[in-house]
Amino acid sequence: MKKFSTLIVLSFSLLFAGAQAQAAKQLESLWQTIDLPTPESVLYVADKKAPYLFVALIDGQGNVADGKGGITKLATDGKVIDKNWISGLNAPKGMALHENYLYVADITELVIIDIKKQKVIKKIPVADSVFLNDVTVNSSGVVFVSDTRTNKVHRYLDGKIELYLDKVSSANGLKALGSTLVVGAGQELILVDADKNRAVIAKGFESGIDGIEMIERGEFIVSCWVGLVYYVHSDGRLELLIDSREQKINTADIGYDPNTQQLFVPNFFKNTVTAYQLK
């Protein structure tokens, strides 16, 4: 990792200066939706009329372009609104929303969906990609997509896709925060500034990071696909919230509702999504 200047370190300290929680965090199970073919990620959508969830369904192998994948729309209480909201994708994984467009990682393509039209409007091939995994969008509409098997993060800007970061070990979960980017790099959570300097936020995860959601300044919930969910405190301390490895219940790319503090976990091979209340 590159050394940060004093100014950069100070700015990051201010950005992640949330108060350290003293009480132990807990997740209380709320509901579970079944019969969702290989759900890989959940995205909370803060619609003004009625918030809802998008669930990316692989429905097959995670690296096979078979046209079986799609996106389901759920209510925030787990009820199915439209099981086949979008069909004909391959193995969709991470999703991100900006204005009226949904961006989806689909093996080697960045798929753009017009939400109002409920239609795929563009599929953008990402050169030399192998396994596109997560997507995030910053407030300016710049899209980032990770490629886990090539250790890269790509950027979609002004209609063009380009390499943004390389040598990011097992790059997966992404979260854009202002001009910075939080990346799940294998078993480390790292912060990348606008000049592409890198710093470790937290380490010591027992498996590779999958989903990342910021809970408050400097504090995150992070999932690992094997069945682990952690609370990451502002001092980098890890608190284990879920360990379902023995039951073989996967915890893939999570979604989060900041208004209700509810966490939505796709259980992959169990074909379910489980909701929890953060306490």
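The values are calculated or read from the model by the stated rules, or taken from the named source; none is laboratory data. Predicted, not measured: the structure shown is a model, and the values here were computed from it. Note: ideal-geometry Cβ built from the backbone for every residue, glycine included; neighbour counts use all protein chains shown. Heads up: the accessible areas ignore ligands, DNA and RNA and are worked out on the full protein's heavy atoms, side chains in. Shrake-Rupley method; radii C 1.70, N 1.55, O 1.52, S 1.80 Å.
Taking into account only those residues within the stretch 92-114 that are free of Cβ contacts under 8 Å to residues at least 40 places away in the same chain and not polar (S, T, N, Q), which is nearest to Tyr164 (Cα to Cα)?
Glu109
Can you name the residue in the stretch 81-135 that is of a type in the set (Lys, Arg) and closer than 28 Å to Gly184 by Cα and, of all such residues, is surrounded by the most Cβ atoms within 10 Å (Cβ to Cβ)? Let's see the steps before the verdict.
Step one: filter the stretch 81-135 for residues of a type in the set (Lys, Arg), giving 83, 93, 116-117, 119, 122-123.
Narrowing the set further to residues that are closer than 28 Å to Gly184 by Cα leaves 93, 122-123.
On the way: Lys93: 27, Lys122: 13, Lys123: 14.
It comes out as Lys93.
Going by the conditions given, is Ser146 touching a residue at least 12 places away in the same chain (Cβ under 8 Å), part of a loop (DSSP other than H, G, I, E, B), out of contact with any Lys or Arg (no Cβ under 7 Å at 6 or more places or on another chain) and under 28 Å from Val229 (Cβ atoms)?
Values: touching a residue at least 12 places away in the same chain (Cβ under 8 Å): yes; part of a loop (DSSP other than H, G, I, E, B): no; out of contact with any Lys or Arg (no Cβ under 7 Å at 6 or more places or on another chain): yes; under 28 Å from Val229 (Cβ atoms): yes.
When the stated conditions are applied, Ser146 does not pass them.
Tell me, yes or no, whether the stretch 22-43 has at least one residue that is among the hydroxyl-bearing types (Ser, Thr, Tyr), part of a loop (DSSP other than H, G, I, E, B), in contact with a Leu (Cβ under 8 Å, 6 or more places away or on another chain) and modelled with pLDDT of 95 or more.
Residues of the stretch 22-43 among the hydroxyl-bearing types (Ser, Thr, Tyr): 29, 33, 38, 41.
After this cut, where a residue has to be part of a loop (DSSP other than H, G, I, E, B) as well, the list is 38.
Subsequent filtering for residues that are in contact with a Leu (Cβ under 8 Å, 6 or more places away or on another chain) retains 38.
So of that shortlist, the ones also modelled with pLDDT of 95 or more come out as 38.
Taking every residue of the stretch 22-43 in turn, at least one turns out to be among the hydroxyl-bearing types (Ser, Thr, Tyr), part of a loop (DSSP other than H, G, I, E, B), in contact with a Leu (Cβ under 8 Å, 6 or more places away or on another chain) and modelled with pLDDT of 95 or more.
Can you tell me which residues in the stretch 191-203 are open to solvent by less than 30 Å² (accessible area, probe 1.4 Å) and free of Cβ contacts under 8 Å to residues at least 60 places away in the same chain?
Within the stretch 191-203, Val192, Ala202 qualify.
So which of Glu162, Glu213, Glu188, Glu206 is at pLDDT 95 or above, open to solvent by 10 Å² or more (accessible area, probe 1.4 Å) and touching a Pro at 6+ places or on another chain (Cβ under 9 Å)?
Glu213
Working only within the stretch 39-69, note down all residues that are closer than 22 Å to Asp147 by Cβ and of a type in the set (Gly, Ala, Ser).
Ser41, Ala56, Gly60, Gly62, Ala65, Gly67, Gly69, listed by residue number.
Considering only residues of the stretch 37-60 that are among the aliphatic types (A, V, I, L, M) and over 14 Å from Ile86 (Cβ atoms), which is most open to solvent (accessible area, probe 1.4 Å)? Let's see the steps before the verdict.
Looking only at the stretch 37-60, we keep the residues that are among the aliphatic types (A, V, I, L, M), and these are 42-43, 45-46, 50, 53, 55-58.
Imposing the further condition that a residue be over 14 Å from Ile86 (Cβ atoms) reduces the set to 42, 46, 50.
Working: Val42: 6, Ala46: 72, Ala50: 55 Å².
Checked the stretch 37-60; the qualifying residue most open to solvent (accessible area, probe 1.4 Å) is Ala46.
Scan the stretch 65-82 residue by residue and report those that are assigned to a strand (DSSP E or B) and either over 20 Å from Ala105 (Cα atoms) or free of Cβ contacts under 8 Å to residues at least 12 places away in the same chain (or both).
So the first thing to find is which residues in the stretch 65-82 are assigned to a strand (DSSP E or B), and the list is 69-75, 80-82.
Passing the criteria: Ala75, Val80, Ile81, Asp82.
Take the residues in the stretch 244-279 that are buried (at least 18 other Cβ atoms within 10 Å of the Cβ) and in contact with a helix residue (DSSP H, G or I) (Cβ under 9 Å, 6 or more places away or on another chain); name whichever of them is farthest from Ile58 (Cα to Cα).
Looking at residues that are buried (at least 18 other Cβ atoms within 10 Å of the Cβ) and in contact with a helix residue (DSSP H, G or I) (Cβ under 9 Å, 6 or more places away or on another chain), I get Ile249.
For (1) assigned to a strand (DSSP E or B); (2) modelled with pLDDT under 95; (3) within 19 Å of the chain's Cα centre (by Cα), each residue gets a yes or a no:
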{"residue": "Lys123", "(1), (2), (3)": "yes, no, no"}
{"residue": "Thr136", "(1), (2), (3)": "yes, no, yes"}
{"residue": "Val153", "(1), (2), (3)": "yes, no, yes"}
{"residue": "Val168", "(1), (2), (3)": "no, no, yes"}
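Any residue in the stretch 30-57 that is farther than 20 Å from Asp210 by Cα sitting within a Cβ distance under 6 Å of a residue that is in a loop (DSSP other than H, G, I, E, B)? List the pairs, counting only those 6 or more apart or interchain.
Trp31/Gly78; Gln32/Thr272; Thr33/Gly78; Ile34/Thr272; Pro51/Thr76
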